[in-house]
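Contents: one structure, followed by commentary.
Taken together, the values in this text are just the output of simple stated rules run on the coordinates, not laboratory data. Not measured: the values here are computed from a predicted model. Please note: Cβ atoms are built from the backbone with ideal geometry, for glycine as well, and neighbour counts cover all protein chains shown.
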Amino acid sequence: MKDFRLYAITGENFHPGRDLIEVMTEAIAGGVDWIQLRDKTSAREELLRKAKALRELTRKHGVTFIVNDHIDIALEVDADGVHLGQNDVPLVEARKRVGDKIIGISTHAIGEAILAEQQGADYIGVGPVFPTKTKADVVDPVTVSYVREVAETIRIPFVAIGGIKLHNVDEVIRAGATRICAVSEIVGSADVRGVCQAFIRKLEQGGAHL
Ligand code: TZP
Ligand code: MG
């Protein structure tokens with residue numbers, strides 16, 4: 001698994017009229033090193049079309065490609081991995097299906113993080129750190145204190161997510177995060193590349209080097 005600092009998740013509601021691949025091309029130019037396809041509304045055929053296009057783009061640029069929820073689509077397009085929530089397929093089941101592909105799990109409490117590590121997750125999501133409207137079924141913010149707790153407890157890579165913006169990312173980095181994930185702040189920006197470059201600068205200032 002290639003390590004990362006900046007992980008962008010798709011969110012097409014945030015860029016009406018702009019093409020997904022165009023936006024993600026800009027994100028890659030700005031320094032994004034992982035991309036996740038997260039799409040809760042498209043039918044399977046449409047999802048597969050987007051997954052294929054993103055696989056092609058990410059492969060061309062050496063960027064890791066993860067599919068949210070859909071193990072079958074991840075396998076069909078040969079994505080690098082899948083991202084699961086606490087209520088999706090159990091990790092042990094997912095592992096049987098994806099073999100050595102990357103498996104990431106969202107966590108909201110230290111017990112979930114420890115379990116994910118014990119069960120062989122490759123990375124965990126830690127969030128939502130701040131309030132966010134991007135995720136419909138979102139739990140209460142875990143706050144930066146959970147980021148700090150994970151940084152002190154968990155050995156596998158973790159990525160902070162949820163309401164992370166350029167104006168609050170320093171606080172997350174100070175809590176121990178070296179990997180950041182964002183949806184709206186990246187794909188909703190008029191300057192996707194510039195936002196990504198600014199995130200990378202802040203991560204580097206915080207000591208996150210690959
Ligand atoms: N998981 C936890 S918070 C979140 C997801 C997918 C949404 C993050 O979106 P944003 O726009 O960066 O707050
Ligand atoms: Mg899910």
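Non-local amide H neighbours of K101 (under 5 Å, H modeled in plane, Pro and chain starts lacking H): which ones?
none
Mind checking the stretch 133-210 for trypsin sites (Lys or Arg not before Pro) that DSSP puts in a loop (not H, G, I, E or B) and that have at most 16 other Cβ atoms within 10 Å?
Sites meeting the loop and neighbour criteria: K133, R155, K165.
Taking only the alpha carbons of the chain, what extent do you get along each of the three principal axes, in Å, biggest first?
41, 40, 32
For I114, I180, which order do you get if you count the other beta carbons within 10 Å of each Cβ and list the fewest first?
I114, I180
Sticking with the crude label model, points 7 Å out along Cα→Cβ, report the distance from K60 to I156 in nm, one decimal please.
Taking the simple label geometry, K60 and I156 are separated by 3.2 nm.
Just want the ordering: M1, M24, from fewest to most Cβ atoms lying within 10 Å of their own Cβ.
M1, M24
With a cap of 10 neighbouring Cβ atoms within 10 Å, and only residues DSSP puts in a loop, list the GluC sites (Glu not before Pro) found in the stretch 1-57.
Listed in order of number, the matching sites amount to none.
Let me know the Rg and Dmax you get for the stretch 1-49 when you use only its Cα atoms, in Å.
Reported Rg and Dmax, both Å: 11.8, 34.
Cα centroid distance between the stretch 148-210 and the stretch 104-125, in Å?
19 Å
Hey, fewest Cβ within 10 Å first, where do D170, D33 land in order?
By the 10 Å Cβ count, ascending: D170, D33.
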